[in-house]
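Report on one structure; see the data block that follows.
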Amino acid sequence: MWSCHASHGGRHPNIVPTIRARGRLGGRYPGILRLPPMVILRMSTHGIHLLQHLRRATAAEHRRIERHPLVTPLSSGRIDVTVYARVLVAFLDFFLGLERRLRPELAGLSRPSMGPYPFLSRASLLQADLRDLDVGGAWSPCPGGSNRNLPAADCADRVLGILYVLEGATQGGRVIAPRLREVLGLDETCGARYFHLYRQRCWATYRDLVMARGERHDFAGVAAAGRETFVALEGYLDAWWGVAPFPAQAVPAGRVGTNGG
């Protein structure tokens, strides 16, 4: 959508994407509007190139997560509540460690015209979902977990690489959330908060951040952090794949849609 075409009624071919960039980024970061239009265009173009590079550079690791035996039942619809609870616990174990590393470094992404990045905690949503399933405190970190393999978040480029994975993953909820409601009767108010993060526009927020920063990022460094995040998650999924399912409880009929969490 950012490609420039020469047939915009005789206008300079860069005008239309510049207007789009100003409208999109200015809505979230008003300070951007003080910049010259062509500067905004260069910022947006650089961001798009980075996102394209990240997609290519992490494709193999991404596919391994999608095909992992612990998570494939989520998209197939062949899942019961005990298997689902084990998936949530694996994710929670991963996010508890990663968010502790990530949160102190998010401030490094801010600029005077941008303000703090609005990262939404996955761990808190997963904990609430597990309480709905009566799993809550009935688990402990897996002995086979791999905290030491979590990616370092020690510079802005590495934080961007980690967030690429976390914010991009929310898009999977568009497919998974309807199936959880159909098969298990779960929704965004009870048992499936995590898989409704896509409604919070996390991916759009991240994409706008990448464009608004307008810097010459270390593409290789950002991509390395993204790959390491996928690999770390795979390690947690492997560890929990060998753990027996939890004795989770199905949500009683009529509870979905009535619990404000």
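So the values come out like this:
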| item | result |
| --- | --- |
| Spin-label model distance (nm) - L106 vs Q171, 7 Å beyond Cα toward Cβ | 2.2 |
| Volume of the Cα convex hull of the stretch 58-241, divided per residue and given in Å³ | 110 |
| Residues H53, H217 arranged by fewest to most Cβ contacts within 10 Å | H53, H217 |
| Cβ-based exposure ranking for I162, I48, in which fewest neighbours within 10 Å come first | I48, I162 |
| Charge sum, other residues only, whose C-beta stays under 15 Å from A85's C-beta, Lys/Arg counted +1 and Asp/Glu -1 | -2 |
| Ranked list, fewest to most other Cβ atoms within 10 Å of each Cβ, for R56, R131 | R56, R131 |
| Cβ-placed point charges (K, R +1; D, E -1), dipole of the stretch 58-241 about Cα centre in debye, nearest 20 | 260 |
| Shape call, the stretch 182-239: gyration tensor on alpha carbons, a/c limit 1.5 | oblate |
| R131-V83 FRET efficiency (beta carbon distance; Förster radius 22 Å; 0.05 resolution) | 0.75 |
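Taken together, the values in this text are just the output of simple stated rules run on the coordinates, not laboratory data. Please read these numbers as outputs of a predicted model, since none were measured by experiment. Every residue, glycine among them, receives a Cβ derived from its backbone with ideal geometry; neighbour counts consider all protein chains shown.
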